[in-house]
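Worksheet for the structure shown next.
We did not get these values from a lab; they are worked out from the coordinates using the rules stated. No experiment lies behind these values; they were computed from the predicted model shown. Using ideal geometry, Cβ is built from the backbone for each residue, glycine included, and neighbour counts are taken over all protein chains shown.
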Amino acid sequence: MAEDKRGDLRVELTGIEMRNPLLVCSGTFGNGREYAEWLDLEELGGLMTKSVTLAPCPGNKPPRLWETPSGMLNSIGLENPGLERFLEDDLSWLSGFDLPVWVNVAGFSQEEYVEVAREVSRSGMAAALELNISCPNVKKGGIHFSADARVAAGLVEKVKKEIDIPLYVKLTPRCADIAHTAEVLVSAGADGLSLINTFPAMAVDIEHAKPRLGNVTGGLSGPAMHPIAVGMVWEVAGTVDVPIIGMGGIWSWQDAVEMMMVGADAIAVGTLNFTHPRAPKQILDGMGSFLARKGMSSAAHLVDMVREEAGRDE
Ligand SMILES: Cc1cc2nc3c(=O)[nH]c(=O)nc-3n(C[C@H](O)[C@H](O)[C@H](O)COP(=O)(O)O)c2cc1C
């Protein structure tokens with residue numbers, strides 16, 4: 001793969017060569033088509049698709065979005081066209097690009113997760129899987145798996161047996177001890193982790209005493225959650241030794257660098273894509289200039305710098 005023109009931002013994650021460490025988050029970039037007119041998809045380090053389930057899923061009833069002063073609430077749910085159409089229309093289209101794709105897999109039962117994961121792996125069109133065990137917007141979906149690390153570990157073991165591409169598991173901030181959850185999932189076979197999903201939240205129209213979202217509650221994303229995400233990546237990176245994709249309120253190249261400095265091997269931009277579809281390119285330019293200014297030869301040097309620095313001080 002050719003060297004990125006902004007400097008050497010190349011990274012390698014679980015054997016996947018990426019031209020830079022910037023991905024786009026699941027559910028915030030469609031499956032790429034809508035953004036292709038704003039951005040050259042081959043400028044991205046990777047793309048994480050919207051969660052796909054076995055059967056088509058209509059998602060939750062509207063309204064499904066609510067803007068807050070420093071973020072966004074969403075209750076989209078798992079709206080998607082189902083596995084068959086996803087493979088035929090979306091993944092085959094994406095496979096025409098020189099771009100590693102993480103297919104985000106969800107389900108309403110363990111069997112469903114396993115079947116979707118197996119078929120995506122067999123298709124040969126995905127670089128990796130991202131297992132969404134953490135969607136806050138489905139009543140009988142992932143949250144039950146992620147709330148109990150042992151149940152989630154059982155799912156990871158089952159999926160792992162059926163696939164031959166790297167398995168990333170996406171963690172929810174809604175757990176008692178995210179580092180412990182990460183440890184259990186890595187022992188069960190997760191090759192990498194992505195964190196964090198949205199934070200369960202709610203807003204109310206006080207004039208009518210009604211929830212703002214049709215689903216009543218939703219997930220908070222955006223800048224409000226960035227320091228929470230940074231803290232959680234820090235904890236998880238200090239506990240497990242697998243690649244971490246850090247996400248949560250990344251709004252600038254500084255946020256991206258910060259996330260890598262606390263231990264993320266790569267980062268993903270989410271809610272920002274809705275208002276600034278060209279933001280990934282600007283973030284990459286900023287990261288490239290920062291590396292050059294600091295005289296760093298590779299983006300990989302950023303990873304866990306805060307811990308290394310603390311070690312030197314002791
Ligand atoms: C509108 C919307 C839809 C989302 N859909 C999904 C999804 O289908 N699967 C998933 O794993 N995460 C989903 N997420 C969570 C994001 O991938 C990401 O983890 C989260 O938004 C934090 O990053 P951000 O603050 O940069 O948006 C969604 C987020 C938003 C805002």
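Residue separation of ASP98 and GLU67 scaled by 0.36 nm, minus their Cα-Cα distance, works out to 7.7 nm of gained length. Note on region 11-313: with charges restricted to the Cβ of Lys and Arg (+1) and Asp and Glu (-1), its dipole about the Cα centre is near 700 debye.
Computed over every Cα-Cα pair of the chain and binned at 10 Å starting from 0, the pair-distance distribution P(r) comes out as 6, 29, 38, 22, 5, 0 percent.
Residues whose amide H comes within less than 5 Å of that of VAL52, counting only those at least five positions distant or on another chain, are ASN104, VAL105, ALA106 (H built at 1.01 Å from N in the peptide plane). Remark: the ASP164-ARG122 segment gains 14.3 nm on full extension, using 0.36 nm per residue and subtracting the alpha carbon distance. DSSP beta bridges confined to the chain are antiparallel in about 40 percent of cases. Here the residues PHE274, PHE86, ranked from fewest to most Cβ neighbours within 10 Å of their Cβ, fall in the order PHE274, PHE86.
Across the chain, the longest piece that holds none of the trypsin sites (Lys or Arg not before Pro) lying in DSSP loops with up to 11 other C-beta atoms within 10 Å covers 141-314. Checked against a 24 Å cut-off, the cross-linked pairs LYS61/LYS210; LYS50/LYS210; LYS50/LYS170; LYS160/LYS281 give Cα-Cα distances beyond that limit for LYS50/LYS210; LYS160/LYS281. Along region 97-112 the Karplus relation, 6.51 cos²θ - 1.76 cosθ + 1.60 evaluated at θ = phi - 60°, assigns HN-Hα couplings of 9, 7, 7, x, 10, 8, 8, 7, 10, 9, x, 10, 8, 4, 4, 5 Hz to successive residues, with x for each Gly and Pro.
At an R0 of 30 angstrom, the distance between the Cβ atoms of ASP89 and ARG293 translates into a FRET efficiency of 0.10. Here each label is just a point 7 Å from Cα along the line to Cβ, and for ASP177 and THR217 those points are 2.3 nm apart.
A straight line joining the Cα centroids of region 68-83 and region 170-247 runs 14 Å. Loop-located GluC sites (Glu not before Pro) in region 13-60 (DSSP state other than H, G, I, E, B) with a sparse environment of at most 14 neighbouring Cβ atoms within 10 Å: GLU37.
Seen from GLU79, the other residues with C-beta closer than 10 Å to its C-beta sum to a net charge of +2, counting Lys and Arg as +1 and Asp and Glu as -1. For region 1-110, what is the percent of antiparallel DSSP beta bridges, rounded to the nearest 5? In region 1-110, approximately 60 percent of DSSP beta bridges are antiparallel ones.
Using the Karplus relation 6.51 cos²θ - 1.76 cosθ + 1.60 with θ = phi - 60°, the per-residue 3J(HN,Hα) values for region 115-132 come to 5, 4, 4, 4, 5, 5, 4, 4, 5, x, 9, 10, 6, 7, 10, 10, 8, 8 Hz, with x marking Gly and Pro.
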